[in-house]
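Shown next, in structure tokens, is the structure this report addresses.
The values are calculated or read from the model by the stated rules, or taken from the named source; none is laboratory data. Treat the numbers as computed from the prediction; the structure is a model and nothing was measured. Backbone-built Cβ (ideal geometry, glycine too); neighbour counts: all protein chains shown. Areas reflect the complete protein model, heavy atoms only, side chains present, ligands, DNA and RNA absent. Shrake-Rupley method; radii C 1.70, N 1.55, O 1.52, S 1.80 Å.
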Amino acid sequence: MASQGTFSDEPLSPAGRLFTDPKTDVIIHVIACGKDTIDIDFAKSVLKSSVMVQHPRFCSLLVRDKDGLEHWRRTKIDIDQHVIVFDKRLDKSGKFIEDTSQGFTDNGEEAVNQYVADLSVSSPLSADKPLWEIHLLMAHKCAVFRIHHALGDGFSLMSMLMAGCGKVDEGDDHRDAAAHRVAPAKSMESKGRKRRDWRRLLCAISGLLKMIRYTLLFVVEFLLMSWFVCDKSTVISGGDGVELWPRKLATAKFLLEDMKEVKKAIPNTTINDVLFAVISSGLSRYLEHRTPNASHEGLRLTGVAMVNLRSNPGVQELSEVMKKNSEARWGNKFGAILLPVYYHKPGNDPLEWLKRAKVTVDKKKHSLEAYVTYRLRDLVMTLFGPKYSCLFYYKLLCNTTFTISNFMGPLERITIAGYPVSSMKFNTSSLPQALSIYMLSYVGRVEMQLLVAKDIIPDPELLAKCFEDALLEMRMAAIGINTA
């Protein structure tokens, strides 16, 4: 929407402008399913008084001034324009069918997945209203939130969701107790400070040199893959224009307890290490199935991962997120890193995947790659404008194989507008890569959404099973170690 702009308008952040370019226009989809029938009138009344519609981003239009610069402009919300109700049932192709008289017991996950997959390609949000919608799929007892990425990143949106949901254990006492547990360690360290000063100095110098080395190495690699270097073509490679190709969406499901079991098998391992190992192993399994003996050992497949740069990566109170100078402030505060995986034929020890994943992730932790790419994005936006900043990221996505986005969701079951949620997952609109991987934990489970270009990856269900089998194999191997 073009406009002259006013003094009350708020300009978009550099990251917000990145997501408004046609090539990098991104919409976040959150799928919340339950077992109860949705009361439309009640849901709308709750939404009208919710923190979401009172938030400045959710009640503002995206406008452009005469110079083409984007701004947020406050407007009145018409809930009926944002809540879109569908009474008909979806078939497996994601299309609505006329016959709704026949009863059914499942929530049609495959049908809902395909419906959202179609939205990811062909349904932009209208600029004539604030950039969000809620699709209520009544026959499937499911709500699909569509929120433009320019409004905020996953961290901000999850904080918004938690502020508006039903009763949740906020864990305030746990956080306070943790702070008290940390405090005594400082006084113990101070007693022997003189004896250990030289060791600390050596460790600090070693850590600084390691950080400089890895940062330089990874940032140079990032720049090269943004312009000149690309992954070798495989059966799962995308490229320029693939974001316009039809999509399919499948879901891989994991138990958090299984991941914790695997994590215990190797010291100092994290859940993120386990997830990355599952992705590495699963992709190799899938390539072995699609092209037996065609992929050479050590073939590199590069993933692009988004990293939250806030000092506290967990979900925060919305009041804290909304403070202007808060380190957890609202918006799009994330950097990008490259996470390469390598093809390997099946071996005797499934935990080798975890060992390799841990080495890769540990190196990334010792670098400032995410922070530098975040600043680099803003610098390119400031010096050359959104066109070149968007081209920079678009080329990076074209030259790599897949995207990873991972987020920790609610630890306890929640209700949204009085509607108990039994399952939550998320994804975004399509990218030039043929494979995008989105992971969200919810009440002890992790659901991994696989959004694929179906002409390149026609069987995402098989890919999902490859990921699930990879974790189960690691779990069995870990149990043998943990019980030994």
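Brief remarks follow.
- Shown for the chain: cysteine residues without a partner Cβ closer than 4.7 Å, namely Cys59, Cys165, Cys203, Cys230, Cys390, Cys398, Cys466.
- Separation of the Asp459 and Lys264 label points, Cα + 7 Å toward Cβ, nm: 3.6 nm
- Probe 1.4 Å, all protein chains present, accessible-area order of Leu431, Leu450, Leu383, Leu368, largest first: Leu383, Leu368, Leu431, Leu450
- Under 5 Å between amide hydrogens, built in the peptide plane, is the criterion, and for Cys142 it picks out Leu137 among residues at least 5 positions away or on other chains.
- Measuring with a 1.4 angstrom probe and ignoring ligands and nucleic acids, Asp36 comes out at about 70 Å² accessible.
- Solvent-accessible area, 1.4 Å probe, carbon plus sulfur percent, for the chain: 57 percent
- Of the residues Trp198, Trp72, the one with the largest accessible area comes first in the ranking Trp198, Trp72, computed with a 1.4 Å probe on protein heavy atoms.
- A Förster distance of 41 Å, applied to the separation of the beta-carbon atoms of Leu411 and Asp469, puts the FRET efficiency at 0.95.
- Amide H to amide H distances under 5 Å link Ile414 with Val421, where only residues 5 or more positions off or on other chains count and H is placed in the peptide plane.
- Taking Cα centre as origin and charging only the Cβ of basic (Lys, Arg, +1) and acidic (Asp, Glu, -1) residues, the dipole magnitude of the chain rounds to 2100 debye.
- Extended-chain gain in nm, criterion 0.36 nm per residue less alpha-carbon gap, Thr382 and Asp67: 111.9 nm
- Scaled against the 2.2 N^0.38 Å expected of a compact globular protein of N residues, the Cα radius of gyration of the range 335-484 reads 1.27.
- Ordered by 1.4 Å accessible area with all protein chains kept, Val112, Val85 run largest first as Val85, Val112.
- Cα gyration tensor shape for the range 361-449, rounded if a/c is under 1.5, else prolate or oblate: prolate
- With the charge dipole of the chain set up from +1 on Lys and Arg Cβ and -1 on Asp and Glu Cβ about the Cα centre, the Cα lying farthest toward the positive end among the listed residues Met408, Gly207, Val30 is that of Gly207.
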